[in-house]
1. If N76 meets every condition in (1) modelled with pLDDT of 90 or more; (2) surrounded by 10 or more Cβ atoms within 10 Å (Cβ to Cβ); (3) among the polar types (S, T, N, Q) apart from one, which number is that one?
2. Could you please find all residues in the range 1-45 being surrounded by 10 or more Cβ atoms within 10 Å (Cβ to Cβ) and of a type in the set (K, R)?
3. Name every residue in the range 5-50 that is under 30 Å from S71 (Cβ atoms) and among the hydroxyl-bearing types (S, T, Y), in order of residue number.
4. Would you please list the contacts, defined by Cβ atoms under 6 Å and residues six or more apart or on different chains, that run from a residue in the range 60-72 that is at pLDDT 90 or above to a residue that is hydroxyl-bearing (S, T, Y) and open to solvent by less than 50 Å² (accessible area, probe 1.4 Å)?
Amino acid sequence: MKSTGIIRKVDELGRIVLPIELRRTLDISEHDEMEIYIENDHVVLRKFEHSCVFCSSTQGLVQYKGKFVCSKCVYNFHRI
């Protein structure tokens, strides 16, 4: 893990602010969804990306009944 040297306090609602420089560097925009992980004794934030429920691809996704499926898996399914 790489330290940024940035320190922020947690507010009374449990929130922290990600500095604009960090958001720009990591392409995090207002309203982006973030995933929260626990790794040993660390909290890890990662920008959430939808992925195919079958192969985990993030390319060419279509939504079907609330789930995301890539065009390759849709094509393979229709060939069966």
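1. (1)
2. Once the filter is applied, which keeps residues that are surrounded by 10 or more Cβ atoms within 10 Å (Cβ to Cβ) and of a type in the set (K, R), the range 1-45 yields R8, R23, R24.
3. S29, Y37
4. From the range 60-72, the pairs are C70/S57.
The values are calculated or read from the model by the stated rules, or taken from the named source; none is laboratory data. The model shown is predicted, which means the values in this text are computed figures rather than measured ones. Cβ atoms come from the backbone with ideal geometry, glycine included; neighbour counts cover every protein chain shown. Heavy atoms of the whole protein, side chains included, go into the accessibility calculation; ligands, DNA and RNA do not. Shrake-Rupley method; radii C 1.70, N 1.55, O 1.52, S 1.80 Å.
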